[in-house]
Amino acid sequence: MTTVLTGIAVGTGSVTGPVARMTPVPPLPQPRTVADTAAETGATLAALHDVVTDLESRAATAGAAAAEVLAAQGMMAADPVLAERVAELIRDGRDGAHALDAAFGEFRTALEAAGGYFAERAADLDDLRNRAVAQLLGLPMPGLPAPGHPFVLVAEDLAPADTALLDPTQVLALVTERGGPTSHTAILAKALGLPAVVGCGAADTLTEGLPVLVDAAAGTVQLDPAPEVVASAASREQRRRERAGRVHGAGRTADGHPVKLLANLGALQELSGAAAADCEGVGLFRTEFLYLDRAEAPGLDEQTAAYRQVFDAFAGRRVVVRTLDAGADKPLPFVNAGDEQNPALGIRGLRTAARDPELVDTQLAAVAAAAAASSAEVWVMAPMVSVPGEAADFAARVRAHGLPVAGAMVEVPAAALRAGAMADACDFLSIGTNDLAQYTFAADRTLGSLAALLDPWQPALLDLVRMTAQEGGRRGRPVGVCGEAAADPLLALVLVGLGVTSLSAAPSCLGEVRATLSEHTLEDCRALAALALAAGDAQSARAAVLDRTG
Amino acid sequence: MPQRSVAVGSSSGLHARPASLFVQAAARQPVRISVAREGGTAVDARSLLSVLALGARHGDTVVLSAEDEGPQAEQALEELATLVARDFDAPEQS
């Protein structure tokens, strides 16, 4: 009998490969009394030294960005004051593992007290502590596995720090116990074009080396599949790839209704890949990367140069720039107040502009300067717009900088409910389904346990998309979708049927969306949208559409 | 005890690359140097973790102190003060 585990499907595609698990953090043993403190100190400091040597040798072989991170971690582990403190704690009666734990803990507290980007280093200290304790206790090193052959990475969850060093030529697929459809793992999987199943609670039963078939479209992980199952999945995958690669150029339905297919862009290192992808431009250019990890906002010239790079790479194509979206899960010390009880509902997105108008004005001036020198079709939109007045103010500000096209993101239910007035106040609307789902269902998008509520197939979410697209359509305003929803080929049909005019997703997802669109008429899409809206819940909405397109 | 007060020049503060370079330079000095926020507790300048924990941001003044007196101490303070004041985040000048 074959066992099949289910989770939340992320991306498309399927692959078979052996499991390699993220090695878990070593548990601290019971404290013990140390008889020979000199030997204990020697062994503990030797373990710490081994961690430093390992980091240094990995830094020597890693790429430039990863090497800098590893070298900095090595310097932290080699800290002479840390070593003194560990020795002191052992003299005072702790065993080595507990001395390491306490010493790292003290520095962690100090960094957290320093706040801002100093506090972000706290995660590095946790990683170093785990490594040093594992080394001392002779346990396997926590972190990414390196079995020496391609593998399916299985983890409880993946943090950005875990995945910075992930080698896309070795990792076939991702399976995590936790995480939802908009989690870091899901976004990473789409960016790398990897099949993934997240929120797969039973993934803890997957043992090292076990062959598994990961089907990202179905959200399933099949244990030890029979050879004929593997072969049939592989030929399906082959056909899928051929199909995704068959249709090129501008997005359109089978009857020629145009649907702009655009790429999401969040960092300059993604630029060359996105620009080379078959897409009609950038539907969501997230500008936060310019502001992260710094004490004050970047100046006009620095911003202009960065925008110029993007516009030049997309010469002749559209680039939709989203102004700074600071707050909630990406706070910035110079923008956000640290004293909010509930930052997802606080002063974030466009709301920060009311408190610090110079921030957004500098950004718009930089976008305008870069746009003036480029042939890209530059549109600008604001995040977290709640009422039409905000959209009108923003549009006036954008036009004052000489930029002709201003839009508002629809991420707050209030904006969708008043989409007509929102569309009157500016030139286009862009629906951010990730935040719109979070606010519609009052479900924290970082909580894997609420993933079912955040499913973009939820009929209530689709209702808000329908209202927004209809009101925009009545006024001749483009209405795009730029959340994770746009990456799902089947859901893309529904969105188009609801009246959405453009879809923006990770470049790796666009081929399949394009191919699927080309096989259905606009009338088909409308019928599928009606089916999804009539469904009682997300699962049956998906099932009904899948059944009809079958 | 010879001292030197200097404002942090890098826009990211005494963090990341500026902090690493400062700590590496401190470790090379023949005299022990400590560093403190104005009015704060002094920490060993060779300790990256202690230096980061100062939380010294762009424009904050830090006080460097040498353990010994003499020309070596003066020279060490001079070198480290220059590093603190330099803006490592500015584009490289050619």
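No lab work stands behind these numbers, since they all come straight from the coordinates. All of these numbers come straight from a predicted model, not from anything done at the bench. Quick reminder, even Gly has a Cβ in these numbers, built from the backbone with ideal geometry, and neighbours come from all protein chains shown.
Brief remarks on what is shown
- If you model the range A:37-137 as an ellipsoid using its alpha carbon gyration tensor, with each semi-axis the square root of five times an eigenvalue, the axes come out at 23, 17, 9 Å, biggest first.
- With R₀ fixed at 41 Å, the C-beta to C-beta distance from A:E288 to A:A35 puts the FRET efficiency at about 0.15.
- Largest-first principal axis extents, alpha carbons of the range A:249-516, Å: 48, 43, 34
- Angle between chain A longest axis and helix A:300-313 axis [Cα atoms, degrees, rounded to 10]: 70
- Kirkwood Rh (inverse of mean 1/r, distinct Cα pairs), the protein assembly as shown, angstrom: 26.9
- Over the range A:37-137, relative contact order from alpha-carbon pairs under 8 Å, at least 6 apart, %: 34
- You can think of it this way: the chain between A:Q309 and A:L345 has 9.6 nm of extra reach, that is 0.36 nm per residue less the Cα-Cα gap.
- For chain A, relative contact order (Cα pairs under 8 Å, six or more residues apart, normalised by length) works out to 15 percent.
- When A:M22, A:M75, A:M409, A:M381 are sorted by how many other C-beta atoms sit within 10 angstrom of their C-beta, beginning with the fewest, the order is A:M22, A:M75, A:M409, A:M381.
- The range A:1-32 residues near the modelled A:T205 label - backbone nitrogen below 19 Å, point 7 Å along Cα→Cβ: A:1-9, A:17-22
- Legend: mean number of C-beta atoms from other chains within 10 angstrom of residue C-beta atoms, peptide A:533-539, equals 0.
- Calculated mean residue ellipticity, 222 nm, the protein assembly as shown: -14000 deg cm²/dmol, from DSSP H runs (n ≥ 4) at -39500 (n - 2.57) each, averaged per residue and rounded to 500.
- Across every direction, the projection of the convex hull enclosing the Cα atoms of chain B has a mean area of 5.7 nm².
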